[in-house]
């Protein structure tokens, strides 16, 4: 089976998994891992930590108070996930399956050592480390191929789902409790503009992905 077909299969699996209880939380934190690491690095807070919650959401605990700066950093996090997904697909298309696993494993270990401190987040991180290390240790190359494509597909699917969620929240009244993400909290730039910008950007990434890795 060729790589393009496998990508399509795992995209569907990632989409279906994002609707299943517990599984959707596990997959959502793959997105949060990349997005939150980018955020904590940009915030540069000494005591900044990452919290991965049981409902699939994630947040940082930095001392940054400016809603505008928080929105920009949040935007950078979402953008970084889309770029990372395309980067992983590039590696997959070139047959660098091991490198995809090593990159994800390295990022997870770094986050566990420096930033993730809540119990649920640590359990999630350790479980992912175990899942990634086992096929590497036992040299299950076929498993590594499928796992690397699945990780790239999950990251891509989650980036689209999050973009849609943010866009929906940007149209909510400011007083609506469902309007949670930092990207739509700033008053300096209308939330609708940021939401639509992120959604449009994600659509372009999807178009780029289809043209370069599917067709």
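The values are calculated or read from the model by the stated rules, or taken from the named source; none is laboratory data. Keep in mind it's a predicted model, so treat the numbers as computed, not measured. Methodologically, a virtual Cβ is constructed for each residue, glycine included, from the backbone with ideal geometry; neighbour enumeration extends over all protein chains shown.
Just one of the listed residues (87, 80, 95, 62) is in contact with a helix residue (DSSP H, G or I) (Cβ under 6 Å, 6 or more places away or on another chain) and at pLDDT 90 or above, and it is 80. Pick from 92, 81, 100: which is over 12 Å from the mean Cα position of the chain (by Cα), in contact (Cβ under 8 Å) with a residue 60 or more places away in the chain and surrounded by 21 or more Cβ atoms within 10 Å (Cβ to Cβ)? On inspection, the qualifying residue turns out to be 92.
The residues in the stretch 10-44 that are surrounded by 14 or more Cβ atoms within 10 Å (Cβ to Cβ) and assigned to a loop (DSSP other than H, G, I, E, B) can be counted, and the count is 1.
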